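Since the structure comes first, as structure tokens, the remarks are kept for the end.
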Amino acid sequence: GAVVSQHPSRVICKSGTSVKIECRSLDFQATTMFWYRQFPKKSLMLMATSNEGSKATYEQGVEKDKFLINHASLTLSTLTVTSAHPEDSSFYICSARMAQSSYNEQFFGPGTRLTVL
Amino acid sequence: QQQVKQSPQSLIVQKGGISIINCAYENTAFDYFPWYQQFPGKGPALLIAIRPDVSEKKEGRFTISFNKSAKQFSLHIMDSQPGDSATYFCAARNRGSTLGRLYFGRGTQLTVWP
């Protein structure tokens, strides 16, 4: 149980295009999902927190118009990188908070490697 | 300001040895402390977690020791194996946070030599 999937696992795009990444909780409901960015050999940097049915909360310094987040249902959140540039190349990871458990654990997806040419 | 401080940054242990990773925090409102294991190119996986009402939690070869008064907690990996080679992150969550945001340490890269 507690599986979170991400799609695609890897994407290469040209500068100026938009890329959508999907995050799904497969066997549990997640009222809250988180989006992280991770640079090589670095820790997880929280970009935004999304609640189902409401607007995402962005961390300071994260451009909300560039990184669009939609939490359409209790099992799906999407991150769209708009007008991508090479500096957006990174490893993007989502996590989903399990609402049904007493600890409200967070489970991570496998990540999406974005390369912008 | 880093909410959770983790050390060491890297750790090399011989197979069969004990790996110890330490974390410290200042915010007394933290009430949940998970550890995550991450292999290269993969997402972090929840390894083990503890709450402040207990001083130790053990799951297989993995043990969390928690010292509430010192505001420190550590991960012990007994009988370390080459397959344990990964990056480990400690984290903490504020009980007052309705969204449940986690604050992560910087990570420890563990290498277990065969």
In nm, to one decimal, how far is the modelled label at residue A:10 from the one at residue A:117, with both set 7 Å along Cα→Cβ? 1.4
Where Lys and Arg each count +1 and Asp and Glu each count -1, what net charge lies around residue A:49 among other residues with Cβ under 13 Å from its Cβ? +3
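For the pairs B:5/B:68; A:42/B:15; B:15/B:68, flag any whose C-alpha to C-alpha distance is greater than 27 Å.
With Cα atoms farther than 27 Å apart: B:15/B:68.
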Local net charge near residue B:15, Cβ-Cβ under 12 Å (Lys/Arg +1, Asp/Glu -1): -2
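What's the whole-number percent of alpha carbon pairs in chain B lying beyond 20 angstrom?
That fraction is 37 percent.
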Cβ-Cβ cut-off under 11 Å around residue A:109, Lys and Arg +1, Asp and Glu -1: the net charge is +1
Magnitude of the Cβ-charge dipole of the protein assembly as shown, K/R +1 and D/E -1, about the Cα centre, nearest 20 debye? 240
Sorted by packing (mean other beta-carbon atoms within 10 Å per residue), highest first, where do B:14-20, B:37-43 land? B:37-43, B:14-20
Once you place label points 7 Å from the Cα toward the Cβ at residue A:89 and residue A:73, how far apart are they in nm? 3.5
Placing unit charges on C-beta atoms (Lys and Arg positive, Asp and Glu negative, everything else neutral), compute the dipole magnitude of chain B about its Cα centre in debye, rounded to 20. 200
Quick check: Cα centre of the stretch A:53-117 to Cα centre of the stretch B:50-100, how many Å? 25
Pick out which of A:20, A:42, A:55 has the largest mean-square fluctuation in a Gaussian network model of chain A, springs linking Cα atoms closer than 10 Å. A:42
Rounded to one decimal in Å, the inverse mean reciprocal Cα-Cα distance for the protein assembly as shown, i.e. its Kirkwood radius, is 18.2
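No lab work stands behind these numbers, since they all come straight from the coordinates. Values in this document were obtained by computation on a predicted structure and should not be read as measured data. Cβ sites come from the backbone with ideal geometry, for glycine too, and all protein chains shown count toward neighbours.
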